[in-house]
Amino acid sequence: MKQPRSRQEPRRMGNSAMVITMLLSLCVLTFIKARYCTTPYPNKPAPLLEVEIDDDYDGSRYKISGPIGEEDFDPSRPTCYNTSKRSERCAAVGDIRVDGNHSKIYISPLDKEWRTKPYARRHDAVAMDDVREFALLPFGASNETTIPPLCTRNHSVPAFLFSSGGFAGNLYHDYTDVLVPLFTSTHHFGGEVQFLLTDIKDWWLDKFTPLFRHLSNYDVIDVDNDQEVHCFPRIVIGSTFHRAMGIDATRSPGGETVADFKRLLRRAFHLKRDVASHIKPRLLIISRKSSRRFLNERAMAHAAALAQFDVRIAEPDNHTDMPNFARLVNSADVMMGVHGAGLTNMVFLPSRAVLVQVVPFGGLEWLSRVTFKDPAKDMDVTYMEYNVSLEESSLKDLYPKDHFYLQHPYDVHKKGWDAIKTVYLDKQSVTLNLTKFAHTLEHARSLLP
């Protein structure tokens, strides 16, 4: 016999229906708020515009098989392919003849003609306009109509072609676009690789020659102006980008890390200090000439000296003696500067030193994060931020208090990188609040080993 239904069952079903209805309503309201409602200025996230983190590096295409330094050349893989959103790699083995003066590389065997620009910023049309393009031309059995030039200089080691065009010359881009990707892509050769450099700047080559000498046992060849036809058994064109000033060890051919890169820099520039110290700490203030200057730099130095810091002020530029400046940075326990390329010198800081990035007014925390905050951790550098208030910014003297630029920075961000750069980077300098500055120094000291 069936048991009669309980009188509570309809009520339980009604309660359940009510709960489900409320949950569905909450989900709908949450979606509508996320999709259509805005949040107040302090909490509104800014888009990533200028600097992007590349999560699409194709690690599966860059395998190690056999001895370190020998990539797996899969015949089903094209000669040139994207290794990330920002980088392209071309690789070939066989009879390879480089006529750099005419931007031509003759390869046998090769399936078809390819063209490439060996600079790890392929997503940026402005940068790539200043990078020389090379044609990879098939000859021999694959193309009997092409007659290659005769070899005038033979090499027994692989060639690696890269560019110092694009934005190279700006220290941040030197490391992000060229040097770190170059290290990642060539360190596993153990020095047995011939560098071919295009878009060369003599001062730039001189600046980083100590580093190149620790990556290659051979002098760098200025491939654009060299009159020789260089012949190789193998060539790789273009470095592989992982992330801004960073390396993913699981994706690098020899398992290299940022720590390995820093060790190479220490050897190349003869840096002696391994670890920072809180005893008589040295503060290095990175100075600037034009935009984003410290307008009360002398007062800052005086306040730091009163706080028992050994203070140094330095202003690096393209003509700075790199080895000497590297040693100065290595002598510091705390390095401080307004957001800019000069902070890239953190690569020379000893382990557990403190980097203080002064972030200009204008909602630029996202930019400070991807450029220096994220890389600092991999470099074993403790990161701090000093966020500039409107009262500390020179922008308050340029615009009325209720001006659009001052009240709605993230709406300016929507106009793109040029607007951000013009308003908040190119036109802004800072006068730090000395009380706030002193507290920042004490916090930095407490973080030192």
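Any read-out appearing in this document is the output of simple, stated calculations on the displayed coordinates, not a laboratory observation. Since the model is a prediction, treat every value here as computed from it, not as a measurement. FYI the Cβ positions are ideal-geometry reconstructions off the backbone, even for glycines, and counts take in every protein chain you see.
Structure data summary
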quantity: Built amide H within the under 5 Å cut-off of PHE361, gap 5+; calculated: VAL388
quantity: Sorted largest first, extent of the range 84-197 alpha carbons per principal axis (Å); calculated: 44, 32, 25
quantity: For the range 156-269, alpha-carbon Rg and Dmax in angstrom; calculated: 13.4, 40
quantity: Local net charge near PRO375, Cβ-Cβ under 12 Å (Lys/Arg +1, Asp/Glu -1); calculated: +2
quantity: Taking the convex hull of Cα positions in the range 233-392, its mean projected area over all directions (nm²); calculated: 11.5
quantity: Hydrodynamic radius (Kirkwood) for the range 260-311, which is based on Cα pairs only, to one decimal in Å; calculated: 13.5
quantity: Rg followed by Dmax, in Å, when the range 312-449 is reduced to its Cα trace; calculated: 15.9, 47
quantity: Surrounding net charge for HIS230, when Lys and Arg each add one and Asp and Glu each subtract one, Cβ distance under 13 Å; calculated: -3
quantity: Candidates per GluC sites (Glu not before Pro) in the range 85-148, loop by DSSP, up to 10 other Cβ within 10 Å; calculated: GLU144
quantity: Dimensions (Å) - the range 223-303, Cα atoms, principal axes, largest first; calculated: 61, 32, 26
quantity: FRET efficiency, 1/(1 + (r/R0)^6) with R0 45 Å, evaluated for GLU113 and ALA259 via beta carbons; calculated: 0.65
quantity: Residues whose placed amide H lies under 5 Å from that of THR146, excluding near-sequence neighbours; calculated: GLY140
quantity: Above-threshold pairs, the threshold being 21 Å between Cα atoms, out of LYS117/LYS201; LYS377/LYS414; LYS373/LYS421; LYS207/LYS262; LYS85/LYS117; LYS207/LYS280; calculated: LYS377/LYS414; LYS207/LYS280
quantity: Relative contact order (%) - criterion: Cα under 8 Å, at least six apart; region: the range 122-265; calculated: 30
